[in-house]
Every structure is written in C-alpha cells, then in structure tokens.
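Data block below; observations after.
The values are calculated or read from the model by the stated rules, or taken from the named source; none is laboratory data. Remember, predicted model here, so these are calculated numbers, not experimental data. All Cβ positions, glycine included, derive from the backbone under ideal geometry; neighbour counts span all protein chains shown.
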Amino acid sequence: MPDPQPEPPTDETAPAPEADALPQDALAARLEALLFVHSKPVAARRLAELVGLQSVIPVKQALELLQKRYDDLGSAFTLQNLAQGYQLTTRPEHDALLAQLVRQREAQKLSPATLEALAIIAYKQPLSRTELESIRGAGCDHLVRALLDRGLVKVADRDSAKPGAPARYGTTAEFLRVFGLKSVSELPREADLAAGAVEGAEVETAPLRNPPAPFAAEEE
C-alpha cells in the first residue's frame, strides 16, 4: 500500500506566509511597525532578518514606498537614513512643538522637594540659598542646581550687603512658559495655598499641594 499522504495543515497549524510572498503594502506596514518602536536607526539587513527576508532589496523598496506615502500625505513623519540605518522621525518643522512637550515632561519629573524649593523661590524671590534653606529647614544646594540646570531659576542679583555677596535666585521666563503664566503675579495667592495645606496635613508645604497647573509633583 502506498504511504498515506500527510494531511494539509489546518488553519491553526498553517505557517505564516513567507515575507517574500507578502505584497509590498503588507511588507511596508511591517517595516513601519518595527521602525515605530525603535528609538535608534535600524540597518536594512537587520530589518530584512526581522521580517524573514534574505535580500535587503524588497526592504529598501518598501521603505521608499513608505517615504512616498509620507510625502504625498504631508505626514508629520519621515524616514531618515542615519548611521547606516533607517529611522522613523518627525519632520524638522515640528521641532519647536515637540520641544515644548519635552520641556513639559521634564517639568513633570520634578520631585516634591525640588518643586517645593521652586515654589518658595517663586513666591519669595529674590532670595539666597541660605534663606531658602532657612524656610525649608533642610539643605537646598542640590535642589537649586537642579532648577538652574532646567532653566527654571536664575541668579537674579547678589546681596552685596553680606560677605561674599551671595547669589539671590529668581524665576525665569522658562518657568513662566512651562507653567503657563504671563507673570509671577498670576501665581495663586499664598493665603489660598495655605488654606489648601490645612486640608491635607500630610503635605509638607502648601505650594506642593497646589503646584502651578497643569503639573503635579512626582513621587520620590
């Protein structure tokens, strides 16, 4: 008797279609998904391996198709050939808008202690680090450095009446921009903040309970 022929695979066991057999649109979609989740350029050879291709030619052709679509649609995205690899990026004309989002995210990362120091400076400016530490009851050198690095405070002037003429700090235009204020006069009144602090005794200071909208302090 002849050997029985193997049964054709069912839907559950059928292998995925070979990448070589994929329509170009489907291949382009796979490549787009891969590039979307990569934060660094990916070589064409690596992309070919990921989608199961032996040749980079169809990969490059599919990437050209993607770029044409982005151009034709006026998409915010574009493909760049960087560092011997391909990367999905946003177009340069959107840099200012995206930089604003990045700065807002950075502001959201302020720890409660740093946000507290910033609030004190905002309400009491200009004041020295020693005065800031006297109000907080703790050292503030690293907090002031962090705020300076982020461009949220600056050296407003120097107290020439004291030895060494220590720097006195104030807020910057970047502080106003990040927190959506036209001027420091738009900050909530200290009396209102103090009333809010009474409602939440677990909060160390009133400004921490109600930081300038729309940002909240991140847990340390």
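Condition test on L152, is it touching a strand residue (DSSP E or B) at 6+ places or on another chain (Cβ under 7 Å), buried (at least 21 other Cβ atoms within 10 Å of the Cβ), of a type outside the set (V, I, T) and modelled with pLDDT of 90 or more?
Considered against the rule, which asks whether it is touching a strand residue (DSSP E or B) at 6+ places or on another chain (Cβ under 7 Å), buried (at least 21 other Cβ atoms within 10 Å of the Cβ), of a type outside the set (V, I, T) and modelled with pLDDT of 90 or more, L152 comes out as yes.
D157 - would you say it is touching a strand residue (DSSP E or B) at 6+ places or on another chain (Cβ under 9 Å), of a type in the set (D, E, K, R) and surrounded by fewer than 17 Cβ atoms within 10 Å (Cβ to Cβ)?
So D157 passes the test.
Just for the range 106-135: of the residues that are in contact (Cβ under 8 Å) with a residue 60 or more places away in the chain and part of a loop (DSSP other than H, G, I, E, B), which one is farthest from R150 (Cα to Cα)?
S111
Is it true that some residue in the range 169-182 is in a helix (DSSP H, G or I), surrounded by 15 or more Cβ atoms within 10 Å (Cβ to Cβ) and either in contact with a helix residue (DSSP H, G or I) (Cβ under 6 Å, 6 or more places away or on another chain) or at pLDDT 90 or above (or both)?
Within the range 169-182 (the criterion being in a helix (DSSP H, G or I), surrounded by 15 or more Cβ atoms within 10 Å (Cβ to Cβ) and either in contact with a helix residue (DSSP H, G or I) (Cβ under 6 Å, 6 or more places away or on another chain) or at pLDDT 90 or above (or both)), the answer is yes, since at least one residue qualifies.
If we scan the range 72-93, do we find a residue that is farther than 21 Å from V37 by Cα, crowded, with 18+ Cβ neighbours inside 10 Å, modelled with pLDDT under 90 and not polar (S, T, N, Q)?
no
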